[in-house]
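Below: one structure, written as structure tokens.
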Amino acid sequence: MPTSSNSCLLPFPATTHVRKSPPRWRGEAVVPNQAPRRFSFQNAKPPLTADRDETTEVRVSPYSFDRIKDYLLDAPAWLLSTVFHLILLLVLAFITISPETIDGIMLTITPASAQTKPEFVEFALQPAPLLVESLDQTDSNASIETPVDMAPVLEEFAIAQPQAFGSELPPENPFSQLPKTSGASLGTLPKLGTMPNASAAALMFSGRTGKKKQELLAKYGGTQVTEDAVALGLAWLQRQQRTNGNWSLRGPYRDGSLMENDTAATAMAMIAFMGAGNTHRSGKYEREMLRAAQWLVKQQNRVGFMAERANPHEKMYAQGLATIALCELYGMTHDYWLQPYAQLACDFAVDSQSPQGGWRYQPKFDSDTSVTGWFLMGLKSGEAAGLDVDRYVFMNIETYLDSVGGSGYDQGYAYQVGERATRSMTAEGLLIRQYLGWQRNRPEMSHGLGGFVARDPIDRRDMDVYYWYYATQALHHYGGPLWEEWNDKMRVELPAIQEKGGPEKGSWSPVSDAWGAFGGRLYTTCFSLYSLEVYYRHMPLYASHHLKAAEEDDK
């Protein structure tokens, strides 16, 4: 039965040979009495119409979507994989690399002239310099060498008299040679009383333990009484250490300071322990020293400063003490992790020296003899431990001492320019001169030290551990009859006024001391220990003279 061509939903007109069937997609061939099957080039038959017989061919567009899909479905798998990867490579070839992934490289493309011949140039890529990030006070191991303007570190302040937060004098070299330089050769310079780095630390600290310590005790007048006093004092210090490793100037002991300065207190205690041969790697108080060293380095900021929490007029005193503590500990152990902290402390000291040649309450601003002496001790200790110290810093100190010496107190030294010389500043000034290379036969030295022995010997009724400590150091270096006369009283008087019982057993009371109200019990205890450790704490600067004098006495 014929049907109308436009009454069917098929895409092509139906024929008398085909019944009506559901719509079929383009590309499908309908065979009578069979279900539709997938079109392929092998089995395709043209649809039948009323106008055409079965042999009539129907043209199908080779660009239709279904044709392309069938091509892909019938294509071999290896061919499809090849085409896919070729397309992927072409896409990747057009992806550009972001310039942010490569630092410091810029490619410039310019047209080349016809005469230019290609050249191959060999070059090397250098990494871009790293920016030094700001570190807080808890930063530990970074070694930073970026120059820093020290002026804004501390605020300006004033005080009429020197505080009594003294520092231990580091041991020094008995020979007089040029110090190491941190830069190129600077030509011939005057001798500054230092020694080569290779042997400096060994000579400075070699007398603190073992058989050598016993020999020095006997040779320079130490006794069992002085050693017992040192042992009691260190035991008292051990009991005062806080759980986080530091010490306090205020307590928990009796008669603490009027003000707090835990950096100064911790450094003073460390110096006392090291004077008897204790470090974080050896000695009876190894554990206490490790905790103290870990606490102290956490206080150091990126420019080397360690006393940010101290009162304004005490910051630089504490910094000088902390510099000595770090440099001595590194010099005694050469433990690698301490080196960057000790070096940074020395860098701060050099950078903060004032135009007058010394140090005071604010970096690069002013000078006084008390603070200057402590920084000198720290730098000398660092230099002997092998750290880099600019040699000209010591020449500048000479200039400053010239400005405060030569008037009053038998040509002694004053606290500041224009002031009258005092016994404590004269003792400190003479000790600085010894470290800067003064010869033993200088008239000024024998005259000043002789005045201490004749007019101001150690007297418990006139207690001043700051003066006693510096005079003891200078006289021990000088040696001879003046030292023996001074030591005869020192080794008796200091142990006699030490607390022998109660909760403060082993300490020295600050009540009668000239600066005890400022420093408190920990201050007077530490400075008394420094004096009693003088026999072995460092080798005398004029050891060669002492040896010659002993040989002459034996004849």
Pick from the stretch 491-515, criterion part of a helix (DSSP H, G or I) and in contact with a Lys or Arg (Cβ under 8 Å, 6 or more places away or on another chain), ranking: surrounded by the fewest Cβ atoms within 10 Å (Cβ to Cβ): A496
Failed item in (1) among the acidic types (D, E); (2) open to solvent by less than 50 Å² (accessible area, probe 1.4 Å); (3) under 12 Å from G358 (Cα atoms), with E383 passing the rest: (3)
Residues being farther than 20 Å from H313 by Cβ, in a loop (DSSP other than H, G, I, E, B) and at pLDDT 95 or above - total across the stretch 356-386: 1
Test: residue in the stretch 308-327 that is open to solvent by less than 10 Å² (accessible area, probe 1.4 Å), in contact (Cβ under 8 Å) with a residue 24 or more places away in the chain and more than 13 Å from T263 (Cα to Cα): yes
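Rundown of residues vs (1) among the acidic types (D, E); (2) within 30 Å of the chain's Cα centre (by Cα); (3) at pLDDT 90 or above; (4) open to solvent by less than 80 Å² (accessible area, probe 1.4 Å), yes/no style:
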{"position": "P179", "(1), (2), (3), (4)": "no, yes, no, yes"}
{"position": "S185", "(1), (2), (3), (4)": "no, yes, no, no"}
{"position": "T194", "(1), (2), (3), (4)": "no, yes, no, yes"}
{"position": "A198", "(1), (2), (3), (4)": "no, yes, no, no"}
{"position": "A201", "(1), (2), (3), (4)": "no, yes, no, yes"}
{"position": "E215", "(1), (2), (3), (4)": "yes, no, yes, no"}
{"position": "T223", "(1), (2), (3), (4)": "no, no, yes, yes"}
{"position": "E227", "(1), (2), (3), (4)": "yes, no, yes, yes"}
{"position": "Q238", "(1), (2), (3), (4)": "no, yes, yes, yes"}
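Does S403 satisfy being surrounded by fewer than 22 Cβ atoms within 10 Å (Cβ to Cβ), over 39 Å from the mean Cα position of the chain (by Cα) and among the hydroxyl-bearing types (S, T, Y)? Show your work before the answer.
Values: surrounded by fewer than 22 Cβ atoms within 10 Å (Cβ to Cβ): yes; over 39 Å from the mean Cα position of the chain (by Cα): no; among the hydroxyl-bearing types (S, T, Y): yes.
Spelling it out, it is not the case that S403 is surrounded by fewer than 22 Cβ atoms within 10 Å (Cβ to Cβ), over 39 Å from the mean Cα position of the chain (by Cα) and among the hydroxyl-bearing types (S, T, Y).
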Residue match in the stretch 530-537 (condition: more than 22 Å from Q238 (Cα to Cα), in a helix (DSSP H, G or I) and open to solvent by less than 10 Å² (accessible area, probe 1.4 Å)): yes
Residue match in the stretch 403-418 (condition: of a type in the set (S, T, N, Q) and part of a helix (DSSP H, G or I)): yes
Output for the stretch 465-481, where each listed residue is within 17 Å of L431 (Cα to Cα) and open to solvent by 10 Å² or more (accessible area, probe 1.4 Å): Y478, G480
Test set (1) in a helix (DSSP H, G or I); (2) open to solvent by less than 20 Å² (accessible area, probe 1.4 Å) - E485 fails condition number: (2)
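Taking L522, is it crowded, with 24+ Cβ neighbours inside 10 Å and modelled with pLDDT under 95?
Numbers: crowded, with 24+ Cβ neighbours inside 10 Å: yes; modelled with pLDDT under 95: no.
The answer is no for L522.
Report yes if L338 is within 14 Å of the chain's Cα centre (by Cα), surrounded by fewer than 24 Cβ atoms within 10 Å (Cβ to Cβ) and aliphatic (A, V, I, L, M), otherwise no. Spell out how you get there, then give the answer.
Details: within 14 Å of the chain's Cα centre (by Cα): yes; surrounded by fewer than 24 Cβ atoms within 10 Å (Cβ to Cβ): yes; aliphatic (A, V, I, L, M): yes.
When the stated conditions are applied, L338 passes them.
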Test: V453 is open to solvent by less than 10 Å² (accessible area, probe 1.4 Å) and among the hydrophobic types (A, V, I, L, M, F, W, C): no
Lone unmet requirement of (1) at pLDDT 95 or above; (2) touching a helix residue (DSSP H, G or I) at 6+ places or on another chain (Cβ under 8 Å); (3) open to solvent by 10 Å² or more (accessible area, probe 1.4 Å) for S248: (3)
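The values are calculated or read from the model by the stated rules, or taken from the named source; none is laboratory data. Everything numeric here is computed off the predicted structure, so don't read it as measured data. Virtual Cβ from ideal backbone geometry, glycine too; neighbours counted across all protein chains shown. Surface areas here come from the heavy atoms of the whole protein model, side chains and all, with no ligands, DNA or RNA. Shrake-Rupley method; radii C 1.70, N 1.55, O 1.52, S 1.80 Å.
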